[in-house]
Amino acid sequence: MTDEVTGLAGLLYEFGLLKRYKRTGWLVAGVRDPESIAEHSFRAAVIASVIARLEGADPERAAFMSLFHDTQETRITDIPYIGKRYLKPPSNEDVTADQMRGVPSEVAEMVGDAVGEYEEKASLEAVCARDADKLECLIQAVEYREQGHQNVQGWIDSSLAALTTTTGKRLAEEALSTGTLDWVVRVLNGD
């Protein structure tokens, strides 16, 4: 058990890298200080829970999958789509299996199952989590656009096209038709 606890502590430090690793697609778009992978995963998890609840799925399971959907990037980084044209990274399931070596089997199974379910789109919760990933990217692109970054339309278009749930599509339409700080005005006006 001591070796497993050591492995688990190491995994927790490894996942902490996600707070420092930046999402590289935004660098391609000209964003100098883009969001971290952890920041993306946090909001994706919140969005996944909302989409899942409104789609009749388990919000906790969808959020859980979203928390782990990019953890593999501690090992392979966030390869931009242009890079994927030239590189063949291992599957996320394979990277996760490697990350889980030396941790308690219960933890390895829990994380491995979540990543596998997400990657296989094996449940409604996984579909909701995948939509949350795309919707989070779309919302982030809109925020960057409002901050003056002009090269984000491709991310908006590709994210919008990838959405499959009714709720995800409705939320995207609303996000595209409102300003990123409209909610503040509503709060201040007592709405």
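The values are calculated or read from the model by the stated rules, or taken from the named source; none is laboratory data. Owing to the predicted nature of the structure, the values given are computational and were not obtained by experimental measurement. Here the Cβ positions follow ideal geometry from the backbone for every residue, glycine too, while neighbour counts run over all protein chains shown. The area values use the complete protein model at the heavy-atom level, side chains included, leaving out ligands, DNA and RNA. Shrake-Rupley method; radii C 1.70, N 1.55, O 1.52, S 1.80 Å.
Worth a mention:
- Any hit, the stretch 79-91, residues being at pLDDT 95 or above, open to solvent by 30 Å² or more (accessible area, probe 1.4 Å), of a type in the set (A, V, I, L, M) and part of a helix (DSSP H, G or I): no
- The set of residues in the stretch 1-42 that are among the β-branched types (Val, Ile, Thr) and closer than 15 Å to LEU67 by Cα contains only ILE37.
- The residues in the stretch 50-65 that are touching an Asp or Glu at 6+ places or on another chain (Cβ under 7 Å) and either surrounded by fewer than 18 Cβ atoms within 10 Å (Cβ to Cβ) or part of a helix (DSSP H, G or I) (or both) can be counted, and the count is 6.
- The set of residues in the stretch 69-78 that are part of a helix (DSSP H, G or I) and open to solvent by 30 Å² or more (accessible area, probe 1.4 Å) comprises ARG75, ILE76.
- Taken across the stretch 156-168, residues that are at pLDDT 95 or above, among the polar types (S, T, N, Q) and more than 18 Å from LEU54 (Cα to Cα) do occur, with at least one present.
- Here PHE42 meets the list (1) farther than 23 Å from GLN99 by Cβ; (2) hydrophobic (A, V, I, L, M, F, W, C); (3) assigned to a helix (DSSP H, G or I) almost entirely, failing just condition (1).
- Test: residue in the stretch 182-190 that is farther than 30 Å from LEU8 by Cα, open to solvent by 50 Å² or more (accessible area, probe 1.4 Å), out of contact with any Pro (no Cβ under 7 Å at 6 or more places or on another chain) and in contact (Cβ under 8 Å) with a residue 24 or more places away in the chain: no
- Residue within the stretch 10-23 that is assigned to a helix (DSSP H, G or I), open to solvent by 70 Å² or more (accessible area, probe 1.4 Å) and in contact (Cβ under 8 Å) with a residue 40 or more places away in the chain present: no
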